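> Here it is, the structure in full.
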Amino acid sequence: MTSRFSQFFSIAITLLFFSSCSDMNKESATMIIHGGTIYTVDSSQAIVEAVAVKDNTILFAGSMEEAESFKNEQTELLDLKGKTMTPGLIEGHGHFMGLGYNELRLDLMNTKSYQEIVDAVAERVKTAKPGEWITGRGWHQSKWDSMPEYTVKGFQTHHRLSEISPDNPVYLGHASGHAGFANAKAMEIAGLRSLSVEGIKSYKVEGGEVIVDEFGRPTGVFNERAQSLIGKHIPDNTPESDIQAFNLAIEACYKNGITGFHDAGIGRETIALYDRMKSEGNMKIRIYAMLTGWDEELINEWYEKGPNIDPDNRFTIRSIKLNCDGALGSRGAWLLEPYTDRPDHYGHETLPMDVVKQTSLNGLRNGFQVCAHAIGDRANREILDRYEAALNELSKRDTDHRFRIEHAQHLHPDDIPRFAELQVIPAMQAVHMSSDRSWAIDRLGEKRIKEGAYMWQDLLQSGIPIVNGTDVPVEPLNPIASLYASVSRKTLKGTPEGGYEPGQKMTRAQALKSYTLDAAYGAFEEKIKGSISAGKLADFTIYNQDLMTVDEADMLNTEIVMTIFDGEIVYEKKD
């Protein structure tokens, strides 16, 4: 009896020892998040009760009971108090410094008439120094409540703007970024007050256009690459303003629940700024950057040294951005058939297609993803053709190249299945449909709209993911608006009933995935972010209500109440 008791006691002690050792070896969490609905975007467990985090890494996602086993005396418990959490949202196509500078300059995003633009400039003139440039961005004539009495090719003319600012040059970017509007002083500085060719309809610039009146005089509107005629005279940004804009952009991201950002086209100076911010510990966002295709020398330098995949997951460069056509709003999108509301015009090929082919070949050879801007159906077709030719030439059809088309807004029906066939990712900003669809039908006509515009569900069903976003500062950064547009196909005013072309709506799960895991996939980063899974980065977005179940009519009332980046709370909405 004594022997049996001794044996039992020995076994118990042994089990206790190994259990204690196991507990000692188990990692402890710095934070446990619980008390709300947590959507993981992980197919193995869509919803969990709790998430355990150690520093900037997810240790565990699952039940609260199991999560508590990671707790020690130092573990912070974050109670969601019924709120909803998802993986940190990723802006899949935007312009980071444009976001920041939009905070510093005239923001014309919400102007509803030409008069409101004139009034905004008039206010800025009051405080501007003599000769100082006044710049801004965000006007969009197709979104105004009314148009001025006199227009040329659907655009306003500079005269009223010139009257209120005779001594200060003014240049105001279109919301799309594909056109600009200058006053007389700005055109005088650029040597463009008179083009002196009487009776011509327009002054052509390769890849762009200066809009002129019936007398050959410039109206102040510069389309596509013609913008450089004015832009080269605008003073450069200063290092101080760059840092200010950078920090404002980070703040804006946090307020909108954005923890990752695909920066769609940056040059040498911006790369230097980001490198500096990272070295100084100020790169407090995850930027996946595309090199601007306009700078051939820069691209060739990067071919030589290859992609820079940041081990700290803050600033990665492994893709190239090509701007291949314009936007529908400025009638710059490159179409197979002419514009319905301008029958003599097909838009603009803003980059030669042989450059797309050569860049695709070089990208495949040197490990760079190619991301080509295409809005019109011809631009999309031409780019798919060049991608296909490059993939076939190098026998790379079956490689994990993840080439992208940015926007893919208007497609010919024959080209829709080609995205999946070629494994080309469409990066589509759903909020563009909400903002543009009501007037885009004037540009394209009903048949082209219904058969090929904003074809989200057809693309998803073909087997290719969609990367979502806003194209900020073309649209406000607000991801809730883009998610709402994704699932409703309505304007932000909730019209029309049932949505435009409702068969193309995303489900809510598809929409959330397009802002998280699919966006991460579009940057080769799905193994480190995009879902709440053990081993991934601790980036989370927390909302005041359940955007996956709330009534559609209330979805736009969803607010970001907290953002967690790298395991730390970086934004908390004040009551």
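Read-outs: derived from the displayed coordinates by stated rules, not from any lab. As the structure is a prediction and not an experimental result, all values here were calculated from the model. No Cβ is skipped: glycine too gets one built from the backbone with ideal geometry, and neighbour counts run over all protein chains shown.
> Which of the residue pairs Lys143/Lys447; Lys54/Lys81; Lys529/Lys574; Lys513/Lys536; Lys83/Lys536; Lys505/Lys536 have a Cα-Cα distance greater than 25 Å in the structure shown? Can you show the working numbers first?
Values: Lys143/Lys447 22 Å; Lys54/Lys81 22 Å; Lys529/Lys574 27 Å; Lys513/Lys536 16 Å; Lys83/Lys536 22 Å; Lys505/Lys536 30 Å.
Going by Cα-Cα distance, Lys529/Lys574; Lys505/Lys536 fall outside the 25 Å limit.
> Still on this structure, I have one more. Indicate, rounded to the nearest 5 percent, the antiparallel portion of the DSSP beta bridges found entirely in region 501-575.
Values: 8 of 8 bridges.
The antiparallel proportion sits near 100 percent.
> Can you pull out the trypsin sites (Lys or Arg not before Pro) in region 324-415 whose DSSP state is coil and whose Cβ has at most 14 other Cβ atoms within 10 Å?
Numbers: sites: Arg331, Lys357, Arg365, Arg378, Arg381, Arg386, Lys396, Arg397, Arg402, Arg404; in loops: Arg331, Lys396, Arg397, Arg402.
For trypsin sites (Lys or Arg not before Pro) across region 324-415 that sit outside H, G, I, E and B with at most 14 neighbouring Cβ atoms in 10 Å, the list reads Arg397.
> Can you list the aspartates and glutamates whose alpha carbon is less than 12 Å from that of Lys185, not counting same-chain residues fewer than 8 positions off?
Glu132, Glu163, Asp167
> Hey, could you pull the Cα Rg and Dmax for region 375-448, both in Å?
Over region 375-448's Cα set, Rg and Dmax evaluate to 13.8, 43 Å.
> Which aspartates and glutamates have a Cα less than 13 Å from the Cα of Lys321, not counting those fewer than 8 places away in the same chain?
Asp263, Asp295, Glu296, Glu406
> Right, next: Over region 314-466, what portion of Cα pair distances is larger than 20 Å, expressed as a whole percent?
Values: 5302 of 11628 pairs.
Result: 46 percent of Cα pairs exceed 20 Å.
> Find the all-direction average of the projected area of the Cα convex hull for the chain, expressing the result in square nanometres with one decimal place.
On the way: hull surface 126.1 nm².
Computing the convex hull of the Cα atoms and averaging its projections yields 31.5 nm².
> Run the dipole for the chain about the Cα centre, Lys and Arg Cβ at +1, Asp and Glu Cβ at -1, nothing else charged, and hand back the magnitude in debye, nearest 20.
Values: 60 positive and 83 negative charges, 44 e Å.
Rounded to the nearest 20 debye, it is 220 debye.
> Can you give the calculated 222 nm mean residue ellipticity of the chain, where each DSSP H run of n ≥ 4 adds -39,500 (n - 2.57) and the sum is split over every residue, rounded to the nearest 500 deg cm²/dmol? Before the final figure, lay out each step's value.
Working: 18 runs with 196 residues, N = 575.
Dividing the helical sum by the residues of the chain leaves -10500 deg cm²/dmol.
> Give the relative contact order (percent, whole number) for the chain; include only Cα pairs under 8 Å separated by 6+ residues.
Values: 1233 pairs, mean separation 91.4, N = 575.
Contact order relative to length: 16 percent.
> So which trypsin sites (Lys or Arg not before Pro) in region 490-575 end up in coil per DSSP with only 14 or fewer other C-beta atoms within 10 Å? Spell out each step's value before the answer.
Values: sites: Lys490, Lys493, Lys505, Arg508, Lys513, Lys527, Lys529, Lys536, Lys573, Lys574; in loops: Lys490, Lys493, Lys505, Lys527, Lys529, Lys536, Lys573, Lys574.
Listed in order of number, the matching sites are Lys493, Lys527, Lys573, Lys574.
> Something else about it: If you average 1/r over every pair of different alpha-carbon atoms in region 409-501 and take one over that average, what Kirkwood value in Å do you get?
On the way: mean 1/r = 0.0737 Å⁻¹.
Taking the inverse mean of 1/r over all distinct Cα pairs, region 409-501 comes out at 13.6 Å.
> May I ask you to list the aspartates and glutamates whose Cα is less than 16 Å away from that of Lys493, ignoring any residue fewer than eight positions away on the same chain?
Asp145, Asp436, Glu475, Asp551, Glu552, Asp554
> Calculate the spin-label point distance for Ile309 paired with Glu297, positioning each point 7 Å from the Cα along the beta-carbon direction, and give it in nanometres.
3.0 nm
> Right, something else. How are the Cα pair distances of region 106-231 distributed, in percent, across 5 Å bins from 0?
Spelled out per bin, shortest first, that is 2, 12, 23, 26, 21, 12, 4, 1.
> What distance in nm separates the two pseudo spin-label positions at Asp575 and Asn72, each 7 Å out from Cα along the beta-carbon direction?
Distance between label points: 3.4 nm.
> Then there's this: Looking at the calculated P(r) for region 75-138, what percent of the C-alpha pair distances fall above 14 Å?
72 percent
> For region 248-308, compute Rg over Rh where Rg is the Cα radius of gyration and Rh is the Kirkwood radius from the inverse mean 1/r over Cα pairs. If you can, show how the numbers build up before the last one.
On the way: Rg = 12.8 Å, Rh = 12.7 Å.
Looking at region 248-308, the ratio lands at 1.01.
> Compute the convex hull volume of the Cα atoms of region 319-388, divide it by the residue count, and report the result per residue in Å³ as a whole number.
Expressed per residue, the convex hull around the Cα atoms of region 319-388 is 67 Å³.
> Please identify the GluC sites (Glu not before Pro) of region 40-76 that satisfy two criteria: DSSP loop assignment and at most 11 other Cβ atoms within 10 Å. Which are they? Walk me through the intermediate numbers first.
Working: sites: Glu49, Glu65, Glu66, Glu68, Glu73, Glu76; in loops: Glu73.
Answer by residue number: Glu73.
> Modelled label-to-label distance, Arg397 and Ser241, 7 Å Cα→beta-carbon offset: nm?
5.1 nm
> I'd like the Kirkwood hydrodynamic radius of region 488-571, using the inverse of the mean 1/r over distinct C-alpha pairs, in Å. Numbers along the way, then the final one.
On the way: mean 1/r = 0.0683 Å⁻¹.
The Cα-based Kirkwood calculation yields 14.6 Å.
> Compute the FRET efficiency between Lys493 and Trp133 as 1/(1 + (r/R0)^6), taking r as their Cβ-Cβ distance and R0 = 51 Å, and round to the nearest 0.05.
Working: r = 35 Å, r/R0 = 0.69.
Between Lys493 and Trp133 the formula returns 0.90.
> Apply the membrane-span-like helix rule to the chain: whole DSSP H runs, Cα extent along the own long axis of at least 15 Å, mean Kyte-Doolittle hydropathy at least -1.0. List the helices found. Write out the running numbers ahead of the final one.
Working: long enough: 2-25 (34 Å, 0.65); 114-127 (21 Å, -0.26); 239-255 (24 Å, -0.09); 268-279 (17 Å, -0.89); 353-366 (20 Å, -0.46); 377-393 (24 Å, -1.28); 430-452 (21 Å, -0.87).
Helices meeting the criterion: 2-25, 114-127, 239-255, 268-279, 353-366, 430-452.
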